[in-house]
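Student: Questions regarding the structure given below will be posed in turn.
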């Protein structure tokens, strides 16, 4: 049950976040060469394609090689090329090997087609590669290439890289890690700008080189930060992007977990800053409550909502193993939309009977 009072026609923040969740069914039998999955999911061998409402089918043609196809719509508003009418499909080949205890690798190559409705939008190539050594070093790179949508100054639509993301993560100590990133977009990202203050699109705020660090201190305190120079074609000079945050695992021995962050960004879609606060508390395994607050300022030709503030709370309760209850409230005040929204959900888990029988020894 969901209701909202609104002064505008835009979707609420809860409505947008709900489309970032995943729900999937997969088939992966070690005694069968076939693999498959459908639902709201990532393509396991190419998560850089973002969330797909659809499915995939693959076949292992060798111990370390998988061939497959995929198709679906793209519902996730955190995607760099999000459009509610987009559909994608294609084929891929993946090679992987190694061991989690030492060195391992994965490499995917594929081709795909994207449509808006039923009209062709673009054909593209994609690759995704990862090298990992234990928990010490990881290198990941994803890339997409296609023809430019807008002709250049010579009136040509030349093929080239449309999206590239590289990250190198080093963890010399369990309490300390460093990551080095390079992010590139040829076209302006089209993710939902209302999600900026949630932290779900932080990766898309930085263009160019950036460096991040995380330090886990005693008493469940963690500090993290990311700083980089954002540069794009046509800029007279680069600009500084930065994000700082702190996580408290238990505030004053109350069991409340807190996280606060602040970010300032200047990117191809606009510039601005945001701050966000999250507090949560768990009471055993049956009850959890959460409080969130955010303040966002954005100057962008892609959005008229230049600033807004939001407050929200959620509770999750499992009174019995078979029944669950959740409820929440959100209030947002912005330039073009103000609303109050609340929801209540009650569910029953049909697998609880089987669990009770197993616990009782099958009687």
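The values are calculated or read from the model by the stated rules, or taken from the named source; none is laboratory data. This is a predicted model, so every value here is computed, not measured. Because the Cβ atoms are built from the backbone with ideal geometry, glycine has one as well, and the counts that use them run over all protein chains shown.
Student: Here's a check for you: in the range 275-291, which residue that is in a strand (DSSP E or B) and more than 22 Å from the chain's Cα centre (by Cα) is farthest from residue 325 (Cα to Cα)? Step through it out loud before you land on a result.
Tutor: Just the residues of the range 275-291 that are in a strand (DSSP E or B), to begin with: 275-283, 287-291.
With the extra rule that they be more than 22 Å from the chain's Cα centre (by Cα), the set shrinks to 281-283, 287-289.
Numbers: 281: 16, 282: 15, 283: 15, 287: 9, 288: 11, 289: 12 Å.
For the range 275-291, the residue satisfying everything is 281.
Student: Where the second residue is assigned to a strand (DSSP E or B) and surrounded by 14 or more Cβ atoms within 10 Å (Cβ to Cβ) and the first is without any contact (Cβ under 8 Å) to a residue 12 or more places away in the chain and on the phi < 0 side of the Ramachandran plot and lies in the range 57-74, which pairs have Cβ atoms under 6 Å and are six or more apart or on separate chains?
Tutor: Close Cβ pairs satisfying both conditions: none exist.
Student: Can I ask one more? For the range 203-216, which residues satisfy the criterion of being within 24 Å of residue 17 (Cα to Cα) and surrounded by fewer than 19 Cβ atoms within 10 Å (Cβ to Cβ)?
Tutor: Within the range 203-216, 203 is the sole residue that qualifies.
Student: Only one of 294, 272 is touching a helix residue (DSSP H, G or I) at 6+ places or on another chain (Cβ under 9 Å), over 24 Å from residue 184 (Cα atoms) and part of a strand (DSSP E or B); which? Break it down into steps so the answer makes sense when it comes.
Tutor: Working: 272 fails: over 24 Å from residue 184 (Cα atoms).
Answer to the selection: 294.
Student: A follow-up question, please. Does the range 58-65 include one or more residues that are buried (at least 21 other Cβ atoms within 10 Å of the Cβ) and under 21 Å from residue 143 (Cα atoms)?
Tutor: no
Student: Let me ask something else about it. Is it the case, given these coordinates, that residue 233 is at pLDDT below 95, farther than 20 Å from residue 169 by Cβ and surrounded by fewer than 20 Cβ atoms within 10 Å (Cβ to Cβ)?
Tutor: Yes.
Student: Also, I was wondering about something else. Quickly run through the range 116-135 and pick out the residues that are modelled with pLDDT under 95 and surrounded by fewer than 16 Cβ atoms within 10 Å (Cβ to Cβ).
Tutor: 116, 117, 118, 119, 120, 123, 134, 135
Student: Being surrounded by fewer than 16 Cβ atoms within 10 Å (Cβ to Cβ) and either at pLDDT 90 or above or touching a helix residue (DSSP H, G or I) at 6+ places or on another chain (Cβ under 8 Å) (or both) narrows it down to one residue among 253, 220; which is it?
Tutor: Step by step, each of 253, 220 is checked, and only 220 is surrounded by fewer than 16 Cβ atoms within 10 Å (Cβ to Cβ) and either at pLDDT 90 or above or touching a helix residue (DSSP H, G or I) at 6+ places or on another chain (Cβ under 8 Å) (or both).
Student: In this structure, does residue 149 turn out to be within 24 Å of residue 201 (Cβ to Cβ) and loosely packed, with under 15 Cβ neighbours inside 10 Å?
Tutor: When the stated conditions are applied, residue 149 passes them.
Student: Here's a follow-up. Give all pairs with beta carbons closer than 6 Å in which a residue from the range 309-329 that is touching a residue at least 60 places away in the same chain (Cβ under 8 Å) meets a residue that is surrounded by 14 or more Cβ atoms within 10 Å (Cβ to Cβ) and assigned to a strand (DSSP E or B); count only pairs at least 6 apart in sequence or on separate chains.
Tutor: Filtered contacts from the range 309-329: 310/294; 310/332; 312/292; 312/330; 328/314; 328/343.
Student: While we're on this one: Find the strands (runs of 3 or more DSSP E) located wholly in the range 1-77 whose residues include 1 or more that are at pLDDT 95 or above and more than 18 Å from residue 108 (Cα to Cα), and list them.
Tutor: 23-28, 34-41, 52-62, 65-73
Student: Moving on to the next point. So, in the range 236-248, exactly how many residues are modelled with pLDDT under 95, surrounded by 15 or more Cβ atoms within 10 Å (Cβ to Cβ) and either over 17 Å from residue 201 (Cα atoms) or more than 26 Å from the chain's Cα centre (by Cα) (or both)?
Tutor: Selection size over the range 236-248: 2.
Student: Does the range 97-108 contain any residue that is in contact (Cβ under 8 Å) with a residue 40 or more places away in the chain and outside any loop (DSSP other than H, G, I, E, B)? Let's see the steps before the verdict.
Tutor: Step one: of the range 97-108, the residues in contact (Cβ under 8 Å) with a residue 40 or more places away in the chain are 106, 108.
Adding the requirement that they be outside any loop (DSSP other than H, G, I, E, B) leaves 106, 108.
Yes, the range 97-108 has at least one match.
Student: Would you mind telling me which numbered condition in (1) assigned to a loop (DSSP other than H, G, I, E, B); (2) in contact with a strand residue (DSSP E or B) (Cβ under 7 Å, 6 or more places away or on another chain); (3) within 30 Å of residue 75 (Cβ to Cβ) residue 255 fails?
Tutor: (3)
Student: Working carefully through the options 68, 72, find the one that is buried (at least 18 other Cβ atoms within 10 Å of the Cβ), over 23 Å from residue 117 (Cα atoms) and out of contact with any helix residue (DSSP H, G or I) (no Cβ under 8 Å at 6 or more places or on another chain).
Tutor: Numbers: 72 fails: over 23 Å from residue 117 (Cα atoms).
Unique residue meeting the criteria: 68.
Student: Only one of 135, 81, 94, 129 is outside any strand (DSSP E or B) and either under 18 Å from residue 44 (Cα atoms) or touching a residue at least 60 places away in the same chain (Cβ under 8 Å) (or both). Can you tell me which? Steps first, answer last, please.
Tutor: Numbers: 135 fails: either under 18 Å from residue 44 (Cα atoms) or touching a residue at least 60 places away in the same chain (Cβ under 8 Å) (or both); 94 fails: outside any strand (DSSP E or B); 129 fails: outside any strand (DSSP E or B).
Of the residues listed, the single one that is outside any strand (DSSP E or B) and either under 18 Å from residue 44 (Cα atoms) or touching a residue at least 60 places away in the same chain (Cβ under 8 Å) (or both) is 81.
Student: Follow-up. State which residue is nearest to residue 269 (Cα to Cα) when the search covers only the range 76-88 and only residues that are surrounded by fewer than 17 Cβ atoms within 10 Å (Cβ to Cβ) and touching a strand residue (DSSP E or B) at 6+ places or on another chain (Cβ under 8 Å). Step through it out loud before you land on a result.
Tutor: First, the residues of the range 76-88 that are surrounded by fewer than 17 Cβ atoms within 10 Å (Cβ to Cβ): 83-85.
With the extra rule that they be touching a strand residue (DSSP E or B) at 6+ places or on another chain (Cβ under 8 Å), the set shrinks to 83, 85.
Details: 83: 15, 85: 20 Å.
Top of the filtered list is 83.
Student: Right, next: Somewhere in the range 189-198, is a residue in contact (Cβ under 8 Å) with a residue 40 or more places away in the chain, more than 25 Å from residue 307 (Cβ to Cβ) and not in a strand (DSSP E or B)?
Tutor: no
Student: Next up: Out of all the residues in the range 178-194, which are under 23 Å from residue 224 (Cβ atoms) and surrounded by fewer than 19 Cβ atoms within 10 Å (Cβ to Cβ)?
Tutor: 178, 179, 180, 182
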